[in-house]
1. Condition (residue is aromatic (Phe, Trp, Tyr), in the same structural domain as Val269 (by TED's automatic domain parsing), within 30 Å of Trp239 (Cα to Cα) and modelled with pLDDT under 95) applied to the stretch 130-137: is it met by at least one residue?
2. When the residues of the stretch 30-46 are narrowed to those that are assigned to a loop (DSSP other than H, G, I, E, B) and closer than 12 Å to Met147 by Cα, which ends up farthest from ligand 2 (Cβ to nearest atom)?
3. Take the stretch 14-29 and flag every residue that is assigned to a loop (DSSP other than H, G, I, E, B) and either surrounded by fewer than 16 Cβ atoms within 10 Å (Cβ to Cβ) or within 9 Å of ligand 1 (Cβ to nearest atom) (or both).
4. Which numbered condition trips up Ser71, out of (1) at pLDDT 85 or above; (2) closer than 17 Å to Gln19 by Cα?
5. Show me the helices (runs of 4 or more DSSP H) entirely contained within the stretch 77-169 in which 3 or more residues are crowded, with 22+ Cβ neighbours inside 10 Å.
6. Please identify the pairs in which a residue from the stretch 179-199 that is without any contact (Cβ under 8 Å) to a residue 40 or more places away in the chain has its Cβ atom under 6 Å from the Cβ atom of a residue that is surrounded by fewer than 24 Cβ atoms within 10 Å (Cβ to Cβ), counting only partners at least 6 apart or on another chain.
7. Can you name the number of the only condition in (1) surrounded by 24 or more Cβ atoms within 10 Å (Cβ to Cβ); (2) outside any helix (DSSP H, G or I) that Leu174 fails?
8. Yes or no: Leu280 at pLDDT below 95 and over 27 Å from Leu148 (Cα atoms)?
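The values are calculated or read from the model by the stated rules, or taken from the named source; none is laboratory data. The model shown is predicted, which means the values in this text are computed figures rather than measured ones. Cβ coordinates were reconstructed from backbone atoms using ideal geometry, including for glycine residues, and neighbour counts include every protein chain displayed.
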Amino acid sequence: MTDASQTEGSYCYRHPDRQSFVLCQRCGRTICGECQTPAAVGFHCPECMKEARASMPRVKPRVVTAFSRSSNAPVVTYSIIALCALVWVAQLLSGGAVTQALLYFPPWTATEPWRLITSAFVHSTSPFHILFNMWALWLFGSMLERMLGRWRFLALYLLSALGGSVAVLWLSPLTPVVGASGAVFGLFGAFFMIQRRLGGNSIQLIIVIGLNLAIGFIVPNISWQGHVGGLLVGIAVAWVFVLTRSPRKRNAQLLGLGAILAVLVALAVLGDITLISRVLG
Ligand SMILES: [Zn+2]
Ligand SMILES: [Zn+2]
């Protein structure tokens with residue numbers, strides 16, 4: 001089911017083997033992470049950079065730091081994995097204190113709302129949980145971050161994590177939860193949407209997602225609610241990216257992401273009020 005018009009422009013024009021979602025702000029061609037130079041707004045491709053330099057021969061040399069230098073390395077993905085690993089070691093060493101401080105328990109939503117997000121960075125002490133999540137994050141995160149760019153990827157990850165927690169609040173409000181699964185399922189959903197848009201085989205992915213959802217329903221102590229919430233938010237975020245891919249629609253993209261955040265916050269507040277009134281009544 002590959003439409004030729006859809007696959008056009010999904011690969012970097014300088015590296016035809018690299019699929020990417022980012023377009024050059026000036027010429028509109030697709031560019032991979034290595035070919036992106038951050039501009040005042042969005043990214044420029046190497047040719048447009050050269051043209052810009054030629055027309056302004058006396059530009060100051062750009063300050064090059066580890067983070068401003070363009071590279072194709074999925075820095076955000078690696079950072080999240082490193083952070084989760086560090087937190088996990090701290091969980092083991094602290095004998096449960098770190099887990100207790102960061103996990104999400106719906107009745108505490110109003111007093112300690114940060115737990116909606118921090119819970120995505122702690123895992124159960126069994127190595128299986130963190131290993132599985134980090135493996136999926138490494139696999140899908142590095143692909144998506146290269147396609148979307150760092151900031152879009154980070155927004156996708158955090159919104160999906162929030163979506164997972166909000167779903168737990170509504171569907172399983174007395175369960176304490178930990179884990180990156182909601183965010184990881186957001187990546188699954190987003191990857192599916194974007195693959196469909198860029199053209200590519202998503203059958204394999206559907207099988208992986210199906211298996212994972214099934215595991216969540218069958219195996220006890222796995223929050224399928226969080227998985228479903230993350231998946232839906234990941235799809236919604238990717239839908240915004242697909243609709244606003246053109247560099248000219250940057251404001252619409254920010255507005256779309258803001259709208260998703262606003263809906264999730266409203267659902268969290270509403271869910272919390274419902275939960276409190278149920279406990280009191
Ligand atoms: Zn260009
Ligand atoms: Zn390239």
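1. Checked against the condition, which is being aromatic (Phe, Trp, Tyr), in the same structural domain as Val269 (by TED's automatic domain parsing), within 30 Å of Trp239 (Cα to Cα) and modelled with pLDDT under 95, the stretch 130-137 yields at least one hit.
2. Filtering the stretch 30-46 down to residues assigned to a loop (DSSP other than H, G, I, E, B) leaves 31-32, 36, 39-42, 45.
Next, only the ones that are closer than 12 Å to Met147 by Cα stay: 31-32, 36.
Details: Ile31: 6, Cys32: 4, Gln36: 8 Å.
Looking at the filtered set, the residue picked out is Gln36.
3. Arg14, Pro16, Asp17, Cys24, Gln25, Arg26, Cys27, Gly28, Arg29 - these are the residues of the stretch 14-29 that are assigned to a loop (DSSP other than H, G, I, E, B) and either surrounded by fewer than 16 Cβ atoms within 10 Å (Cβ to Cβ) or within 9 Å of ligand 1 (Cβ to nearest atom) (or both).
4. (1)
5. Helices (runs of 4 or more DSSP H) meeting the threshold: 142-148.
6. Gln195/Ser202
7. Status for Leu174: all satisfied but (1).
8. Working: at pLDDT below 95: yes; over 27 Å from Leu148 (Cα atoms): yes.
Judged against the criteria, Leu280 is a match.
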